[in-house]
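Shown next, in structure tokens, is the structure this report addresses.
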């Protein structure tokens, strides 16, 4: 069956990221070691709540400040928290533009409002997607089946007519369990091979 919709993950697929710079800035503000910062951030459900919309930016920042012993202002924190993204994208904008000519494009991402606001502002790639399925908006994260159902709804075709790319194997398997064709993203060379293997030609 022909592929009618291509679905892409965002982080480590469209854009690369690393928390090193953000941790470094937080270390300077808090005096805590990087390992301690990471441990405090990922303790409990703080990150999950933020990325599923159960906690908004203000609540998230208040809890971060409490855990780190800091008093970071919202504007400064938005810039700090979004410093993780690399400026050079992993997938050229032109590739998305060519793919969209013959089929629908959907973005499927575990993300939060602060990160996505920065992405929308700085990466024109987002303008080539016909639909955005974002964890903080739909209230669930990959690899939960519900987020794939939301992506299929936005794809406007049968699951077997979708092709999904994600850098995390567990998320790839979650998509396959939902009936979606899915491949792990490793780099551009493999992406081109996988597209061709699924009959997706790039003009």
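Quick notes on this structure:
- The convex hull built on the alpha-carbon positions of the stretch 20-81 has an orientation-averaged projected area of 3.8 nm².
- Convex hull of the stretch 140-203 built on C-alpha atoms - directionally averaged projected area, nm²: 4.4
- When 144, 35 are sorted by how many other C-beta atoms sit within 10 angstrom of their C-beta, beginning with the fewest, the order is 35, 144.
- Remark: 86, 125 ranked as 86, 125, counting other beta-carbon atoms within 10 Å and listing the fewest first.
- Here the Gaussian network model covers the chain, with springs between Cα atoms less than 10 Å apart; of 146, 22, 33, 33 fluctuates the most.
- Between the stretch 14-41 and the stretch 118-154, the alpha-carbon centres lie 25 Å apart.
- Simple label model, 7 Å out from Cα along Cβ direction - residue 16 to residue 28, nm: 2.3
- Using 0.36 nm per residue and subtracting the Cα-Cα separation, the extra length available between residue 196 and residue 170 on full extension is 7.1 nm.
- Burial ordering of 48, 111, fewest other beta-carbon atoms within 10 Å first: 48, 111
- Over the stretch 20-81, Cα pairs under 8 Å with separation of 6+ residues give a relative contact order of 33 percent.
- Kirkwood Rh, angstrom, the stretch 62-203 [1 / mean 1/r, Cα pairs]: 16.6
- C-alpha long axis of helix 57-68 to longest principal axis of the chain, angle in °: 50
- Under a Gaussian network description of the chain, with springs only between Cα atoms under 10 Å, the residue in 62, 182, 155 that fluctuates furthest is 62.
Coordinate-derived values only; no laboratory data. Here the structure is a predicted model, which means the values were calculated and not measured. All Cβ positions, glycine included, derive from the backbone under ideal geometry; neighbour counts span all protein chains shown.
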